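Taking it in order: structure first as structure tokens, then the write-up.
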Amino acid sequence: MGRRSARSISERLEGEPEVGETYTVTRVERGQAQNSIATVIATKVVSAAELRSHRLEKEKLGTNAAGDEQVNEEESQTLYYIHFENMDRRLDEWVERSRFQGYGSVDLAAPVSENRPSKMTRSQRRIDEEFNHLSSGIQHLGATSAKLEKEFEERTKVRNVESIVLGKWEINPWYWSPYPAPFDTASRLFICEFCLSYFKDLNDYAKHTKFACTSKTPPGKEIYKKGNLRLYEVFGSAQKLYAQSLCLMSKLFLDHKTLYYDVGTFIFYVLCEADADGSHIVGNFSKETNTGNNLACIMVLPPYQRKGYGKLLIQISYELSSREGWIGTPEKPLSDLGKVSYRSYWWWVLLETLERLDSPQTIRMSIVEDEAGIHTDDIFATLHPVNMTKSWKGEQVVKAGVRVLEHCRSLGLCRPPSLLLDRKCLHWTPSQIRGPPRKSHKRLV
Ligand code: ACO
Ligand code: ZN
């Protein structure tokens, strides 16, 4: 926090906001304005025309605020890139001076809680805390990795691509991505939705899609087909350019370090919606060969989010490792949205498995791992916050009495995915077997 952070919110801001300082800033979400604490990360001077397009963009996103339009439209002015305290970096934004209400306030610096229910039971609160767990930052890292992490954070602070055009969508990226120059500072990047080649110039993009590009699907083998959904398996070693472009695009929506260029040991599973024009990319997950992780990174493009595609990809990642004969786990750390999606998947599988096992009181963790096909660490991470694990005679056990399970159900923790994986439609046999086929969730068809 900046040195002015101890001043009161009522103290009006004089002069220009400064980089590194903390202020009270109006944040607008779906037309609703509220004051939040934010730090200025960067500034830029924009022309009147750029300012107009900035305002249009805000209007489109519904994040414009009363007061934005009060400044003289003829003059160039400064925009401020701000990060809201205790909020994910995807909410960072460029704002005008009129958004700054005052200096930062110590009272408002406490973790954000305004969106949480005020009355919660103890277990609800634990789950809530767990689900809303904010990254503990870099404090837990050793000195060298902390330094590297800090350098990375510094370099990636400001989003470098303002928008991407991908097929019928125009999407605002959430984070910085290492597109090579001159694409790394594009106000708008045009991406071919089939081969993922990228262009800064609209004419080059139009020429590519009309005349040059022959792809209508991702380059790999189709391994899943149900309704209009298709899944393609793409080997990074065989499709290096496509895999690199996929990583660069995925990074626009992933905050942590991912691979970009060294894709040789990774396999990518690309989910598409198909129609007469071809297979339109919806999202993907990557998997590194010969690790204990059955998923490295998962990403669903924002226009397709919250429709069940994320949990469908998670089910597929488990099904693949179960056919290979091992119990996998996603690479950590999980992002906030990754955590919400995995927790929802794990709760669904665990509760249904525990109900099926019908144990009077407790079950050994290793049995639950075997029956649910979920790694012990992930079972622990899901059940421990609600006090459903304990150590018994030197071994971890899960408390699974009827009343405990009923209580979990009553909290709404067991939500089946809206898109269930149809195993019959997954035409995939492992090239490498690690053990006998493992159980995966019984409810899958
Ligand atoms: N706010 C609150 N809950 C959300 C949100 C959100 N913005 N988005 C998804 N959820 C919840 C859903 O309600 C659902 O829970 P429920 O079934 O219990 O109601 C659950 O998360 C999964 O929803 P899906 O529709 O299946 O998932 P989606 O298609 O939205 O994809 C994903 C989830 C892949 C995490 C997506 O949000 C994304 O791409 N985020 C950006 C990239 C990212 O953070 N990836 C994970 C990184 S960690 C890793 O890769 C190992
Ligand atoms: Zn193309």
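Tell me, please, whether a residue that is within 17 Å of Arg159 (Cβ to Cβ), modelled with pLDDT of 90 or more and surrounded by 13 or more Cβ atoms within 10 Å (Cβ to Cβ) can be found in the range 47-65.
Within the range 47-65, not a single residue is within 17 Å of Arg159 (Cβ to Cβ), modelled with pLDDT of 90 or more and surrounded by 13 or more Cβ atoms within 10 Å (Cβ to Cβ).
Can you name the residue in the range 337-370 that is within 30 Å of Asp255 (Cβ to Cβ) and basic (Lys, Arg) and is also nearest to ligand 2 (Cβ to nearest atom) among such residues?
Selected residue: Lys339.
So which residues in the range 208-228 are in a loop (DSSP other than H, G, I, E, B) and away from ligand 2 (no atom under 16 Å from the Cβ)? Write out each step before concluding.
Going residue by residue through the range 208-228, those that are in a loop (DSSP other than H, G, I, E, B) are 213-220, 227-228.
Across the range 208-228, the qualifying residues are Gly227, Asn228.
Just checking, which of Thr217, Thr258 is at pLDDT 95 or above and either over 19 Å from Ala296 (Cβ atoms) or within 16 Å of ligand 1 (Cβ to nearest atom) (or both)? If you could, list the steps in order and put the result at the bottom.
Details: Thr258 fails: at pLDDT 95 or above.
Sole residue among the options that is at pLDDT 95 or above and either over 19 Å from Ala296 (Cβ atoms) or within 16 Å of ligand 1 (Cβ to nearest atom) (or both): Thr217.
When the residues of the range 332-348 are narrowed to those that are assigned to a loop (DSSP other than H, G, I, E, B) and touching a residue at least 40 places away in the same chain (Cβ under 8 Å), which ends up farthest from ligand 1 (Cβ to nearest atom)?
This residue is Pro333.
Could you please find all residues in the range 184-207 being part of a helix (DSSP H, G or I) and buried (at least 18 other Cβ atoms within 10 Å of the Cβ)?
Residues of the range 184-207 part of a helix (DSSP H, G or I): 184-185, 202-207.
Matches in the range 184-207: Tyr205 only.
Condition first: β-branched (Val, Ile, Thr), under 30 Å from Glu319 (Cα atoms) and at pLDDT 95 or above. Can you find one or more residues in the range 185-202 that meet it?
no
Looking at Leu231, Leu254, which is the one that is more than 15 Å from ligand 2 (Cβ to nearest atom), under 23 Å from the mean Cα position of the chain (by Cα), buried (at least 21 other Cβ atoms within 10 Å of the Cβ) and on the phi < 0 side of the Ramachandran plot?
Matching residue, one of Leu231, Leu254: Leu231.
Looking at Glu162, Glu129 in this structure, which one is modelled with pLDDT under 95, loosely packed, with under 15 Cβ neighbours inside 10 Å, under 22 Å from the mean Cα position of the chain (by Cα) and of a type in the set (D, E, K, R)?
Glu129
Conditions tested, residue by residue: (1) under 28 Å from Asn228 (Cβ atoms); (2) surrounded by fewer than 22 Cβ atoms within 10 Å (Cβ to Cβ).
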{"site": "Thr291", "(1), (2)": "no, yes"}
{"site": "Pro303", "(1), (2)": "yes, yes"}
{"site": "Tyr318", "(1), (2)": "yes, no"}
{"site": "Glu331", "(1), (2)": "no, yes"}
{"site": "Val340", "(1), (2)": "yes, yes"}
{"site": "Ile363", "(1), (2)": "no, yes"}
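Please return the ranges of helices (runs of 4 or more DSSP H) entirely within the range 349-436 where 3 or more residues are in contact (Cβ under 8 Å) with a residue 60 or more places away in the chain and at negative phi.
365-372
If you take the residues of the range 174-197 that are among the hydroxyl-bearing types (Ser, Thr, Tyr) and in contact with a strand residue (DSSP E or B) (Cβ under 8 Å, 6 or more places away or on another chain), which of them is nearest to ligand 2 (Cβ to nearest atom)? Working first, answer last.
Quick first cut of the range 174-197, residues among the hydroxyl-bearing types (Ser, Thr, Tyr) only: 175, 177, 179, 185, 187, 197.
Still in the list and also in contact with a strand residue (DSSP E or B) (Cβ under 8 Å, 6 or more places away or on another chain): 179, 187, 197.
Numbers: Tyr179: 16, Ser187: 21, Ser197: 5 Å.
Top of the filtered list is Ser197.
Looking only at the range 168-181, which residues are under 26 Å from Lys58 (Cβ atoms) and either exposed (fewer than 15 other Cβ atoms within 10 Å of the Cβ) or within 16 Å of ligand 1 (Cβ to nearest atom) (or both)?
Lys168, Trp169, Glu170, Ile171, Asn172, Pro173, Trp174, Tyr175, Trp176, Ser177
Looking at Thr389, Thr429, can you tell me which residue is surrounded by 13 or more Cβ atoms within 10 Å (Cβ to Cβ) and of a type in the set (Val, Ile, Thr)?
Just one listed residue meets the conditions, Thr389.
For the range 344-353, does any single residue satisfy the condition of being β-branched (Val, Ile, Thr) and under 26 Å from the mean Cα position of the chain (by Cα)?
yes
Search the range 189-213 for residues that are β-branched (Val, Ile, Thr) and pair each with any residue that is within 16 Å of ligand 1 (Cβ to nearest atom) when their beta-carbon atoms are under 6 Å apart and the residues are at least 6 apart or on different chains.
Ile191/Ile164; Ile191/Leu166
Note down all Cβ pairs under 7 Å where the first residue falls in the range 276-291 and is within 16 Å of ligand 2 (Cβ to nearest atom), the second is in a strand (DSSP E or B), and they're at least six residues apart or on different chains.
Ser279/Arg230; Ser279/Cys272; His280/Cys272; His280/Glu273; Ile281/Val270; Ile281/Cys272
The values are calculated or read from the model by the stated rules, or taken from the named source; none is laboratory data. Quick caveat, the model's predicted, so the values are computed rather than measured. Reconstructed Cβ throughout: ideal geometry from the backbone, glycine too, with neighbour counts over all protein chains shown.
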